[in-house]
Amino acid sequence: MPQSKLLVSALVLILVLFGIAVYVFISPTWLQQPTPERRVVYAYRDAITGIDPSVEDDTGIMVLHLVYETLLRYDPATGTYQYVLAKEVRKIDDYTWRVVLRDAKFHDGSPVSAYDVRFSILRSKLLYDEKGLGAGYIWECLEDVEVVDAKTVNIKTKYPCDIRIMLAASYNAFIYSRKVLELSGVEDPLSEKLIEWFNSGNAIGSGPYKLEKYEPDKMVVLSKFKEWWGWEVINNPNAPDTVVIRIVEDPGEQERLLRTGYIDIASSVPRASIDTLRRGGYDVVVADTFHNFILMFNTRRWPTNTTEFRWAIAYAIPWDSIVDQALGGYGRKGSGLIPYGFLGYDPKWELHQDMEKARELLNSIGLLGKDVEISIVIVQGYEEEERFAVMLKNALASLGVNLRIEALPWEQVKERGSAVWSNPEEAPHLIMNDWWPTYIIPYDYFSLLECLEPEEGIINYWNWAGYCNKDFDELLSAAYEESLQDLEGSLHLYDEVQAIVFEDMPAVNLWDIQHVYLINPGKIRFRAGALNPLYTYVIFFQYIEVLK
Amino acid sequence: MITINYILKRAILSLVLILGVISLTFIAMNFIPGDPAFVWAGKPRGPGAAVAIESAREYLGLDLPLHVRLATYLYRFFTGDWGISVRFKQPVLSIVVRSFTASLELVLYSFAIATPLAIWLGTKAAVSRGGTVDRVIYYVSTVLAGSPRFLLAGLLYLVLYMVNYNYLGLRLDPAYSVLRGPTGFATIDTLILGRLDAFADALLRLIPPALAISTYPLGVLVRVVRVTLSEAFEEEYVRQAASLGLARKVIVRKYAFPNILPVTSQLSGLMFTYMLIDAMVVENVFSREGLGEAVAKAVVSSDYPLLIGATVFVAIVLIVVNTVADIVQAAVDPRVRL
Amino acid sequence: MSSLPLRSTIEDITSLLTRTWRKRPGFRVSLIIMIVLFTVAALGPYIAPYPRQGLGVEIDVTNALLPPSPKHILGTDSLGRDVLSRVLFALGRGLYQSLVVVAVSLVLGIVVGSFTALAPRSIEAVVSYVIELLLALPSILLAALLAILLGGTATSITVALIVTWFPWYARVSYLQARGLRELDFVRIPLYYGLSRAYVVVKHIGPNILAPMIVEALSDMGSVVLEISSITFLFGIGIGSFEEPDLGMMVANGLRDLVRAPWVFTAPAAILALIAIVFTVFGEAVYEEHHPILRRRWWLWF
């Protein structure tokens, strides 16, 4: 009868498939065709937020510094500038800098010219000035970019400032081809459509790697740009041919993928596993960074709108154990908004846990032991934030404050944070904003408390505290202008700015974190120059060796 | 007995149900406190929120009267305009179809694994009614079917990981991610493209999660087969056949199987719902792309259009599957009256 | 007088249960385990060895991921919390939530189903259509939808589940009531003008209540599984991140699956136990009560 034959044939088919699978499984050589190319997979924990070189101010950084280049790069360890796309940067007079470009090509073969430099820099500046997008504020002192000849520009400034700081910035200082207008079919360089074009996966830069595939949620694939000017200079024949940046949000999964060889460089494995991995033969690369975690208070919502309450929480934070418990030892307690090692850092702003003071403060506003409900938003999968939040909850419970913890992906955290301006009741009382530098001026770290002009609709969407203090803004502007001209000399002004922050307590730096990269030493080797604290989470793959 | 009349009736009923589901989502959106445009735009806050809400307001046509909006809403669904996903910034329908096909692949393979196995085991159990084999099969199938799918998936994942099984997670190795096929089923597409290595890769990644999911239909079907067959053995005409000297095997095939088919097809319709949910859970454990991942991301981003799209799509599939199952059952089971 | 239907229902249930107890060993085992589960769940917060860790408020990262030992019978999780305590707290929450869902769905379903059978044809048609509609909705997606609309709280999950479960009971009671409505003891009171509510409560209800209550009890197992699947997938339904919830614990346990499998296995195994035991319970009773419940594979759904 047909039915039993059907049954038997179905079983046979499955057995056959199983057979093939088992055979393939135990003889993997047939499956894995020998790949002549060198491939490296780097896992990062958040989705890429965008790759428009003049607008992107977040996680896109690790793609942008491979696909595009800046004119200069700054090395905080030595305090010197390195020439990247520029081969000479010279101050001609107080208001003019001359930049001479080296011979370099864009990914489509066209040469990098002064016109492209003018186009990119002005676009970065104008998108901020006119539309409030991106980090173009770094070009504050820029007046104009004049083309002298095909390889030379004169940068004109409004007042004397050290333009090299901007040329080496980690955001929005990239040089790209003005052909993007042609390729995207957009006429107005400031149009939203051009930004969309970039963010749909288009790029035309001069960096060592080309953008092959852009799936911001899952992975970004880059391939080696053979005509990059730097290959001859660096002399790294083992540089990867393909770079895959894979988004893996869960630290446990990063560890598993690392162990099974699916990723080669993991940027966040569970801290508890680091020792086990080290013993298992993996290399642990610990990098100092300027990356810090800032706890911001919602100053527009009760009860965090009261300074005493904010200070009470600040005193309740278990300062002396957060580095060990939350970071596993890979970091340093925060002292003021400026991180350790960055110009302007001062250990005098350190805090210690003082439950007595916290109780006093709460009592003074009549909130001690009153079962106050507040909420905190942290990033899902950020182990350190999860641990900190629970530690804080524990500490606050003894004061009669109930902390509700909500864990969301990074993009949603940003949304909730910036809601403080439109609807403060919807924004959480506490939120963690992890910050890394745009350039080496301390202004950067204070910029997230700037108020700008909310009455006119210009809000600072990184200011999740809703903090609006015009005096602070003024002092900060003065400090900023000063630092553009005389960085060392302006530090005392930043000190005053920090004093205001300390007094008002709209935000407090919890810790400066070290990045821990786990790699398989048999396959990957880091050369000097692969990591640079100013360019956070960027791995300069031209300095990575892929061994076979 | 199956007639055109019956099929037509069922088809119309399905259509009416589908209309109802879509209308239900419309009601949900518009009668919950709050601004429907805000919800449709994905509850945006921060810069660009006002713009997003405005364009959502336009799209939904909130100034128009209710029946016009409902009509437009229904019309849009039937013409394929299901809105743009807030999270993925792509048309909802394409995302839903893509994710659903991924999960469907899992479910189909699970069925394929479970059904012949269940028939075989169920027959064995029915034949040795009350014996040890029967009892063992009964208990094992209960445990397997009753356990939460994430337990089995997690344990399977752990075991495979320990033995260094290389094909855990994802649908296809990223090296093959440039391959794009017409159907959306990884296994079929790789075959169509002639890439046997990619096919093997897809298959090997598919089997562990499919195994985990198959325990549920396995458990259910084994017991169905077992009970139906036992009862069939007790039927008059079967005993007659036995007394007439027909071999047991022939009896099993000739008389009992026609009884299994209708029940199985009816159950398949119902099991499909739960298998889909199981697929979403197991996908999460194995880090595979599919409906589970898409919906989870949608929930977190308040991506209302995507979620509505997924709900309506799945509901439609379930209604269709159940209708087809009913029709098949009617066609096969001579006892079904209309 | 009005206590009569209640008493007869209780009598029906008890006789059903005792009959099954006598006849089926599987039933005895599952009932005992169920009682143990309920007791443990109720006493959970009081017998947990580390109650503050159970609630999640206290963490001790230095003790993270310890394997089971006399000090921590089920080991510790990635934040150093005692897994046994967490499971005890989560068990109570899970069973309570599922009880609410089942109880409300049962009552709602019976009321809707019975009334529909007695209602005029047009309403009957509309309501049965709506019931079919709700049956077509997958609960997990509805829960996700409601999470967006109402916020991802435990209440929104409960509501979503009630909406998808009560149609099952409604359909069964509708069919039963439809069968009963032609009988004299229903027709006559109606004919004499007694309200439908009275008829439902006094006459129809008691006839269908007993087996349905037992079945509802069995359905609790499936509901617990559904809730945990929803929390597992979406991470909604808890007030604060550190609260104990079986589904969330399983999801978080996946993170350390390879290094510390007990963090994942403990809550998952408890869920399996609940699911299996409740289903066996229901099955045993159904097989006993075959004549009234008819051939139903519904227990597996």
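Below is a table of values for the structure above.
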{"quantity": "Options A:ILE247, A:ILE338; residue that is assigned by TED's automatic domain parsing to the domain that holds A:TYR535 and either more than 27 Å from A:ALA397 (Cα to Cα) or open to solvent by 20 Å² or more (accessible area, probe 1.4 Å) (or both)", "calculated": "A:ILE247"}
{"quantity": "Top-ranked residue of segment C:267-278 - restricted to ones that are more than 8 Å from every other protein chain (Cβ to nearest Cβ) and surrounded by fewer than 23 Cβ atoms within 10 Å (Cβ to Cβ), ranked as nearest to C:LEU225 (Cα to Cα)", "calculated": "C:LEU273"}
{"quantity": "Where a residue in segment B:13-41 is farther than 19 Å from C:GLY151 by Cβ and its partner, wherever it lies, is buried (at least 16 other Cβ atoms within 10 Å of the Cβ) and basic (Lys, Arg), with Cβ under 9 Å and at least six apart", "calculated": "B:PHE26/B:ARG69"}
{"quantity": "Enumeration of residues in segment C:233-242 that are within 9 Å of another protein chain (Cβ to nearest Cβ) and buried (at least 21 other Cβ atoms within 10 Å of the Cβ)", "calculated": "C:LEU233, C:PHE234, C:GLY235, C:ILE236, C:PHE241, C:GLU242"}
{"quantity": "Subset of segment A:75-123 (residues that are in contact with a Phe, Trp or Tyr (Cβ under 9 Å, 6 or more places away or on another chain), of a type in the set (D, E, K, R) and not in a helix (DSSP H, G or I))", "calculated": "A:ASP75, A:ARG90, A:LYS91, A:ASP94, A:ARG102, A:ASP103, A:LYS105"}
{"quantity": "Odd one out for B:ASP134 among (1) among the acidic types (Asp, Glu); (2) more than 14 Å from chain A (Cβ to nearest Cβ); (3) without any contact (Cβ under 8 Å) to a residue 40 or more places away in the chain", "calculated": "(3)"}
{"quantity": "Filter pass, A:ALA43 being at pLDDT 70 or above and within 30 Å of A:LYS414 (Cα to Cα)", "calculated": "yes"}
{"quantity": "Among the residues listed as C:VAL101, C:VAL29, the single one being at pLDDT 85 or above and open to solvent by 60 Å² or more (accessible area, probe 1.4 Å)", "calculated": "C:VAL29"}
{"quantity": "Test for A:ILE165: is it outside the structural domain of A:PRO437 (by TED's automatic domain parsing), surrounded by 20 or more Cβ atoms within 10 Å (Cβ to Cβ), assigned to a strand (DSSP E or B) and touching a helix residue (DSSP H, G or I) at 6+ places or on another chain (Cβ under 8 Å)", "calculated": "no"}
{"quantity": "Whichever residue in segment B:291-306 is over 22 Å from B:PHE185 (Cα atoms), open to solvent by less than 10 Å² (accessible area, probe 1.4 Å) and part of a helix (DSSP H, G or I) and, among such residues, is farthest from the other protein chains (Cβ to nearest Cβ)", "calculated": "B:PRO305"}
{"quantity": "Breaking point among (1) surrounded by 17 or more Cβ atoms within 10 Å (Cβ to Cβ); (2) more than 30 Å from A:ALA427 (Cβ to Cβ); (3) within 14 Å of chain C (Cβ to nearest Cβ), for A:ILE265", "calculated": "(3)"}
{"quantity": "Selection count where residues are closer than 20 Å to A:GLY132 by Cβ and more than 12 Å from every other protein chain (Cβ to nearest Cβ), scope segment A:413-440", "calculated": "4"}
{"quantity": "Selection count, segment B:140-169, where residues are of a type outside the set (S, T, N, Q), more than 9 Å from every other protein chain (Cβ to nearest Cβ) and more than 30 Å from A:LEU258 (Cα to Cα)", "calculated": "2"}
{"quantity": "Near pairs, Cβ below 9 angstrom, 6+ apart or cross-chain, from segment A:171-194 (in a loop (DSSP other than H, G, I, E, B)) to any residue that is among the basic types (Lys, Arg) and at pLDDT below 90", "calculated": "A:GLY185/A:LYS193; A:VAL186/A:LYS193; A:LEU190/A:LYS131"}
{"quantity": "Any hit, segment A:389-412, residues being within 25 Å of A:GLY336 (Cβ to Cβ), within 14 Å of chain B (Cβ to nearest Cβ) and crowded, with 22+ Cβ neighbours inside 10 Å", "calculated": "no"}
{"quantity": "Flag for C:LEU65 being within 30 Å of A:ILE322 (Cα to Cα) and either part of a helix (DSSP H, G or I) or not polar (S, T, N, Q) (or both)", "calculated": "yes"}
{"quantity": "Search result, residues across segment B:307-321 that are farther than 16 Å from B:VAL86 by Cα and more than 7 Å from every other protein chain (Cβ to nearest Cβ)", "calculated": "B:VAL312, B:PHE313, B:ILE316, B:VAL317, B:VAL320, B:VAL321"}
{"quantity": "In segment A:268-304, the residues that are touching a residue at least 12 places away in the same chain (Cβ under 8 Å), open to solvent by 10 Å² or more (accessible area, probe 1.4 Å), polar (S, T, N, Q) and within 14 Å of chain C (Cβ to nearest Cβ)", "calculated": "A:SER268"}
{"quantity": "All helices (runs of 4 or more DSSP H) inside segment A:439-518 with 2 or more residues being more than 30 Å from A:LEU531 (Cβ to Cβ), assigned by TED's automatic domain parsing to the domain that holds A:ARG310 and open to solvent by 50 Å² or more (accessible area, probe 1.4 Å)", "calculated": "A:470-485, A:487-504"}
{"quantity": "Members of segment C:255-266 that are within 14 Å of chain A (Cβ to nearest Cβ), surrounded by fewer than 24 Cβ atoms within 10 Å (Cβ to Cβ), assigned to a helix (DSSP H, G or I) and not basic (Lys, Arg)", "calculated": "C:PRO261"}
{"quantity": "Filtered residues of segment B:183-208 (kept if within 19 Å of B:TYR109 (Cα to Cα) and open to solvent by 20 Å² or more (accessible area, probe 1.4 Å))", "calculated": "B:THR183, B:GLY184, B:PHE185, B:ILE188, B:LEU191, B:ILE192, B:LEU196, B:PHE199, B:ILE207"}
{"quantity": "Qualifying residue in segment A:131-142 (condition: free of Cβ contacts under 8 Å to residues at least 60 places away in the same chain and open to solvent by less than 20 Å² (accessible area, probe 1.4 Å))", "calculated": "yes"}
{"quantity": "Matching residues in segment A:273-291 - criterion: being touching a helix residue (DSSP H, G or I) at 6+ places or on another chain (Cβ under 8 Å) and either under 19 Å from A:GLU385 (Cα atoms) or outside any strand (DSSP E or B) (or both)", "calculated": "A:SER273, A:LEU277, A:GLY280, A:TYR282"}
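Here is a yes/no grid of residues against (1) within 10 Å of chain B (Cβ to nearest Cβ); (2) surrounded by 20 or more Cβ atoms within 10 Å (Cβ to Cβ); (3) not aromatic (Phe, Trp, Tyr):
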| position | (1), (2), (3) |
| --- | --- |
| C:VAL111 | no, no, yes |
| C:THR116 | no, yes, yes |
| C:LEU146 | yes, yes, yes |
| C:THR158 | no, yes, yes |
| C:PRO167 | no, yes, yes |
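The values are calculated or read from the model by the stated rules, or taken from the named source; none is laboratory data. Since this is a predicted model, take the numbers as computed values, not measurements. Positions of Cβ are backbone-derived with ideal geometry, glycine not excepted, and every protein chain shown enters the neighbour counts. Just so you know, the surface numbers come from the protein's heavy atoms only, side chains and all, with ligands and any DNA or RNA stripped out. Shrake-Rupley method; radii C 1.70, N 1.55, O 1.52, S 1.80 Å.
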